[in-house]
Amino acid sequence: MNERDPKNSSRRDLLRFASLASLGMGLADAAPQADRTDAHSVSGMKFEKRDTVRLGVIGVGERGDSLIDEFSAMPEVQVTALCDTVKEKVDRAQAKLERAGKKPPALYHSSDLAFEELVKRDDIDLVVIATPWIWHVRMAVAGMKQGKHVAVEVPAARTIEECWELVNTSESTRRHCIQMENCCYGYNELMVLNMVRGGLFGEVTHGACAYNHDLRSILFSNEGEGLWRRFEHFNRNGNLYPTHGLGPVAHYMDINRGDRFEYLVSMSSPVASLPAYRKEHVAAGDPRQKETYRCGDLNISLIHTAKGKVITLEHNVSTPQPYDRINLIAGTKGIFRDYPPRIYVDGAPKEEFGPIDHYKEKFEHRYWKETGELARKLGGHGGMDFVMAYRLVQCIRNGTAPDIDVYDAAAWSAPGPLSEASVAKGSAPMQFPDFTRGKWRQATPVMADSAV
Ligand SMILES: NC(=O)c1ccc[n+]([C@@H]2O[C@H](COP(=O)([O-])OP(=O)(O)OC[C@H]3O[C@@H](n4cnc5c(N)ncnc54)[C@H](O)[C@@H]3O)[C@@H](O)[C@H]2O)c1
């Protein structure tokens, strides 16, 4: 058996992830204390200014590879090192960067822990992490402890202990831990943020959001996420992927910057669609036929904020359905909802949703004005992936604070474990920790254009 054959690596990954995930195990060390007294907030902490932004990328599967395309489209970005457990993947990414005229990055692929060597390098400003969820916190903590800012794929963490570990490490090392929530940078999301801040919807009272995406074929694939993501359904019953829908709504509601998530209640439907899909698409003797899934097809949570606002949050990756993040925000003067995008503002001649087109001139966000053309050309998720990468690089080059910090990473990831706990206790309310330790009262909102 050739150890370097990606098929064999994939098989090893599959077995490793299966055993870790089925034990419900994160890879982080023992749970850190939430009540440290020496904590010092990193909210609003500025990056050191850099003309060139040097990246180390851990995980160059589907997502890491596409992030490399987005970041390396900027001449002021250099990818200095790449890490993946599959050598062929780092080789492929290195060759791509060379073809694009970039300096060849150093490669790390010797073991599961090769990332520990990458984060020690002294030519990296930001470590980008795009690996399976069970690795996120361990890799982010290793990066911060080696003096690097880190940007982590979604969700940043799977347990409340892991959320605290990110917060505590970011504060003690004075390094940022950014949640790479690309959906916060979507065209509509940023325009709606401007509308909210511009008062179009009046006083905001409620929102709704979701990650409703039919992932059945990906979950049963023999490559990529099929090698690990289905295992998250073995022992977890709740919202496994909360941040795509929740991040933008959190920005509309100034969460961690004037308000905060207070508590959540959650319910799950029965598990039916993954076994039904498997019956039709997976061979009778396949070992996957013996797997048991615990995550209900639909998980739905209600989040209450400290200021009394309400958010509905859904997760459904296993039933046949069109893609939908809902992205609804409503207040005393109107409502917006997406998929497809539509708006209603109090006083409209008809009590019907209308198109958003004529709002674009006034409310289109400046990030899209600045970068929209290139973003659409590169195309990652309609361009929002590039806008996110552009904005992060811009913050580092200008020496400003990032749009999304460790408190957001923790608060947006927390509905994962809190929904599991609520479902397990008959939908009992679960309190969100205040990861900002009270600083949400003073922090000021971010990202909207000041001109609107
Ligand atoms: N923001 C988005 O729109 C978006 C889209 C897709 C995926 N994601 C996220 O990106 C992350 C990666 O997802 P993906 O689709 O690329 O999965 P993937 O399976 O295609 O890629 C993961 C990669 O990580 C590598 N890896 C695993 N363990 C490692 C280790 N110890 N050290 C180094 N490399 C390791 C694997 O070999 C693989 O190449 C996940 O967190 C996922 O949720 C985000």
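The values are calculated or read from the model by the stated rules, or taken from the named source; none is laboratory data. No experiment lies behind these values; they were computed from the predicted model shown. Glycine gets a Cβ as well: all are built from the backbone with ideal geometry, and neighbour counts include every protein chain shown. Keep in mind that these areas ignore ligands, DNA and RNA; they rest on the heavy atoms of the full protein, side chains included. Shrake-Rupley method; radii C 1.70, N 1.55, O 1.52, S 1.80 Å.
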Carbon plus sulfur, as percent of the 1.4 Å-probe accessible area of the stretch 352-422, comes to 49 percent
Mean Cβ-within-10 Å packing, highest first, puts peptides 429-437, 388-396, 151-159 in the order 151-159, 388-396, 429-437
Flagged as over-length at 23 Å C-alpha distance, from 46/89; 46/360; 46/439; 333/362; 89/377, the pairs are 46/89; 46/360; 89/377
Non-local residues with an amide H under 5 Å from the amide H of residue 401, with H modelled 1.01 Å from N and Pro and chain starts lacking one, are 47
Between residue 281 and residue 145, the two model label points (7 Å from Cα along the beta-carbon direction) sit apart by a distance in nm of 3.9 nm
Computed from the beta carbon distance with a Förster radius of 51 Å, FRET efficiency for residue 46 and residue 342 to the nearest 0.05 stands at 0.85
Here the relative contact order (percent) of the stretch 31-168, from C-alpha pairs under 8 Å and at least 6 apart, is 26 percent
Largest-first ranking of 213, 281 by accessible area, probe 1.4 Å, whole protein assembly kept, is 281, 213
In terms of the alpha carbon gyration tensor, root eigenvalues a ≥ b ≥ c, rounded if a/c is under 1.5 and otherwise prolate when a/b exceeds b/c or oblate, the stretch 126-272 is oblate
Given 62-72, 303-313, 109-119, 241-251, the highest-first ranking by average Cβ count within 10 Å works out to 241-251, 62-72, 303-313, 109-119
As straight-line cross-link partners of residue 290, the qualifying lysines (C-alpha separation under 26 Å, not fewer than 8 residues apart within one chain) are 7, 279
Long-range amide H partners of residue 53, meaning residues 5 or more apart or on another chain whose placed amide H is closer than 5 Å, are 77, 78
Taking a ≥ b ≥ c as the square roots of the eigenvalues of the Cα gyration tensor, with a/c under 1.5 meaning rounded and otherwise prolate when a/b exceeds b/c and oblate if not, the stretch 244-312 is prolate
Per the C-alpha gyration tensor (a ≥ b ≥ c, the square roots of its eigenvalues), the chain is rounded if a/c is under 1.5, else prolate if a/b beats b/c, else oblate; here it's rounded
Expressed per residue, the solvent accessible area of the chain in Å² (1.4 Å probe) is about 41 Å²
The relative contact order of the chain, taking Cα pairs under 8 Å that sit 6 or more residues apart, comes to a percentage of 22 percent
Once amide hydrogens are built 1.01 Å from N within the peptide plane, the residues lying 5 or more places from residue 178 or on another chain with amide H under 5 Å from its amide H are 150, 151, 152
Mean projected area (nm²) from the convex hull of Cα positions in the stretch 321-447 is 12.0 nm²
